[in-house]
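The values are calculated or read from the model by the stated rules, or taken from the named source; none is laboratory data. Note that this is a predicted model, so its numbers are computed, not measured. Glycine gets a Cβ as well: all are built from the backbone with ideal geometry, and neighbour counts include every protein chain shown.
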Amino acid sequence: MVLAEILQITQTATDTAIVKVHRNSELFIKIDPYGIGMTVIGYTIVFIALFLLYIVFYNLTRVLTGSIKRLFKKDSHTDNEKPAFEISGEVNAAIAAALYLYYNELHDQENTVLTINRVSRAYSPWSSKIYSLRQYPR
């Protein structure tokens, strides 16, 4: 008994919702028969959403970089506490020479003679041109 009443109330609510949707769609068709208004509304909503996403992502990068900078400022030393560390010119020259020799040894010495070997292929109708040409009808 109770289940039947619940099903009847649910069915009635569904029917009234469908009737309201149908009435609203007919009203919208009378107002905008060609759908131009709906198109303008749709495009406007999409562009506003894209603009809001642009603003969110642009400001998100600013917030993240600002928080990272603040984090590094807390952990870093002040400018007055930098240790005095100087390298002489001879040490710089030795480092440069070592890097030059290291990078030159990375590449193998190759001769510039290229050999091209022809490979004979068996006949295949897939590559035959006689099947792709049409005969002239007379």
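Within region 1-32, the residues that satisfy the criterion of being among the hydroxyl-bearing types (Ser, Thr, Tyr) and either in contact with a strand residue (DSSP E or B) (Cβ under 6 Å, 6 or more places away or on another chain) or at pLDDT below 80 (or both) are THR10, THR12, THR14, THR16.
Yes/no matrix, rows are residues, columns are (1) charged (D, E, K, R); (2) surrounded by 10 or more Cβ atoms within 10 Å (Cβ to Cβ):
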{"residue": "ASP32", "(1), (2)": "yes, yes"}
{"residue": "GLY35", "(1), (2)": "no, yes"}
{"residue": "TYR43", "(1), (2)": "no, yes"}
{"residue": "VAL46", "(1), (2)": "no, yes"}
{"residue": "ALA49", "(1), (2)": "no, yes"}
{"residue": "LEU60", "(1), (2)": "no, yes"}
{"residue": "LEU64", "(1), (2)": "no, yes"}
{"residue": "ILE68", "(1), (2)": "no, yes"}
{"residue": "PHE72", "(1), (2)": "no, no"}
